[in-house]
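The values are calculated or read from the model by the stated rules, or taken from the named source; none is laboratory data. Keep in mind it's a predicted model, so treat the numbers as computed, not measured. Every residue, glycine as well, gets a Cβ built from its backbone with ideal geometry; the counts of neighbours run over all protein chains shown.
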Amino acid sequence: MRPFYRKGRSAVFSLPDALGQRARILCIDAGDLSELLFHAPLLNSLRRRYPDVQMDFLVPEEHAPLVIPSGLARQCTLYKESQLSPWRPAFASLLKKVGAGNYDMTVVTSFVARPRLELAALASGASLRLGPSHPDSYPAVNCELRSAQEDGTYLGDRALRMAPFLNLEPHALDVRWPLPVDKVRHIAQQIHFHKPNPDQMLIGIDPGPGKSGFAFALDNLEFLARQLGSQLVCKILPLGMPADSARLKEFTARLGQAPVGLPRENLLDMVLLLSQCDLFLAGNTDFFHMAVALGIPSVGLFSPKDGPAWRPEKRPNAVVLTMAKGEKVDIATLMEAVESVTRGRASTPSNPIGRTASVRQADTTGPHTRDP
């Protein structure tokens, strides 16, 4: 397979002027939604700095509904994880396809080693190949952002350090994932139909497991939802990754009075609904980080295993509460966090959603595989 990599090995680049106005860029989505989101500031700024740049994407099928209508991509090539085996003809076909793109730059949107996708970056022939830093990254990756492990920097801010080297202005970086304006307007109209009272809050809750594999038991999430419903004028909307659809459906059924008729078929549908939330509650999930980037008031319910790299600091719209396994969530503390991120948004008590909940506290659970 050496011929696939010969062009990339011999290419050279210089910074900060490695790109021209009509440069061709290949963005390789490694499959982690948060890491793709954390590279959005660079991709958004490259699009603005070089309006005529041709930006293509290599994306897993499940992310296509979000990437294709973003306005960033000129062309998208979809892949399945099964295609990434070096021993399968499909992998050679993939390398041949990216090699025909005549790219000037590739971006592997990952902070951890993804050797096979890094080989795709090398096969692209691009002279500048930005990707994760690890001992075996070179020569597939020849421009890496190095930082001390667990240096306390939120991953959502880490890619911003690359801006000066790409001739980008750090203060102009937009951390939000671009959403199609027409679809945002349409979903806003649908939300207004279900929630005509502007004083009523739309609260999204993601019941999915966090990055460390821990999640709340559904009984306890249900209790927290009912407590919010008893103290705020609100509607609760379960949201999350389509891959967690079984858990999402069960949680929705438990609430009983969750809004119906809203589209939640794919990733874009979910993110559009998320963009309309007035408050979002979740563990260390992809949707939590998406909510933070969109500027939605967010409360994170993290475990001690969720390290500093996943904790958004110095953001007025985000608060993280850390709870060890078996530790109880104090409702007063939760409401204080809600008041903080919503900046004291006024509300009056309403009836709890669904069935009447007894007043108690909620426990965290262990791994997502079972709910005690």
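Details
- Among the candidates S45, S10, S14, S82, residue that is among the small types (G, A, S) and buried (at least 17 other Cβ atoms within 10 Å of the Cβ): S45
- All positions within segment 72-121 that are under 10 Å from L26 (Cβ atoms), over 21 Å from the mean Cα position of the chain (by Cα) and of a type in the set (S, T, Y): Y103
- Filter result (surrounded by 21 or more Cβ atoms within 10 Å (Cβ to Cβ), in contact (Cβ under 8 Å) with a residue 60 or more places away in the chain and among the aliphatic types (A, V, I, L, M)) within segment 230-241: L232, I236
- Flag if D219 is surrounded by 18 or more Cβ atoms within 10 Å (Cβ to Cβ) and in the same structural domain as L267 (by TED's automatic domain parsing): no
- Scanning segment 1-34 for residues that are of a type in the set (S, T, N, Q) and either assigned by TED's automatic domain parsing to the domain that holds P209 or not in a loop (DSSP other than H, G, I, E, B) (or both) turns up S10, S34.
- Residue match in segment 230-246 (condition: in a loop (DSSP other than H, G, I, E, B) and charged (D, E, K, R)): no
- A140 falls short on exactly one of the conditions (1) in a loop (DSSP other than H, G, I, E, B); (2) at pLDDT below 90; (3) within 19 Å of L128 (Cβ to Cβ), and that condition is (2).
- Among the residues making up segment 290-311, those that are in contact with a Leu (Cβ under 9 Å, 6 or more places away or on another chain), under 28 Å from D199 (Cβ atoms) and not aliphatic (A, V, I, L, M) are P297, S298, G300.
- Checking the stated criteria, A123 turns out not to satisfy the condition of being of a type outside the set (V, I, T), within 21 Å of A243 (Cα to Cα), surrounded by 19 or more Cβ atoms within 10 Å (Cβ to Cβ) and touching a Leu at 6+ places or on another chain (Cβ under 6 Å).
- Yes/no for I187 being surrounded by 19 or more Cβ atoms within 10 Å (Cβ to Cβ), β-branched (V, I, T) and part of a helix (DSSP H, G or I): yes
- Annotation note: Cβ proximity below 9 Å between a residue of segment 242-253 that is closer than 14 Å to F223 by Cα and a residue that is β-branched (V, I, T) (sequence gap 6+ or interchain) occurs for F251/I205.
- From D32, D56, residue being in contact with a strand residue (DSSP E or B) (Cβ under 9 Å, 6 or more places away or on another chain), surrounded by fewer than 20 Cβ atoms within 10 Å (Cβ to Cβ) and acidic (D, E): D32
- Segment 260-281 residues that are in a helix (DSSP H, G or I), paired with ones that are among the hydroxyl-bearing types (S, T, Y) and at pLDDT 95 or above (beta carbon under 8 Å, 6 or more apart): none
- Beta carbons closer than 7 Å, at least 6 apart along the sequence or on distinct chains, pair a first residue in segment 182-197 that is at negative phi with a second that is surrounded by 14 or more Cβ atoms within 10 Å (Cβ to Cβ) and among the hydroxyl-bearing types (S, T, Y) for V184/S275.
- Taken together, S93, S147, S82 contain a single residue that is of a type in the set (G, A, S), assigned to a loop (DSSP other than H, G, I, E, B) and at negative phi, which is S147.
- For N284, the test of being of a type in the set (S, T, N, Q), surrounded by fewer than 19 Cβ atoms within 10 Å (Cβ to Cβ) and in contact (Cβ under 8 Å) with a residue 60 or more places away in the chain is failed.
- Filter pass, S275 being within 16 Å of Q189 (Cα to Cα), assigned by TED's automatic domain parsing to the domain that holds M335 and not basic (K, R): yes
Quick grid of which residues meet (1) farther than 28 Å from S93 by Cβ; (2) in contact with a helix residue (DSSP H, G or I) (Cβ under 7 Å, 6 or more places away or on another chain):
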site	(1), (2)
P16	yes, yes
L26	no, yes
H39	no, yes
L42	yes, yes
S45	yes, yes
D52	yes, no
E62	no, yes
A73	no, yes
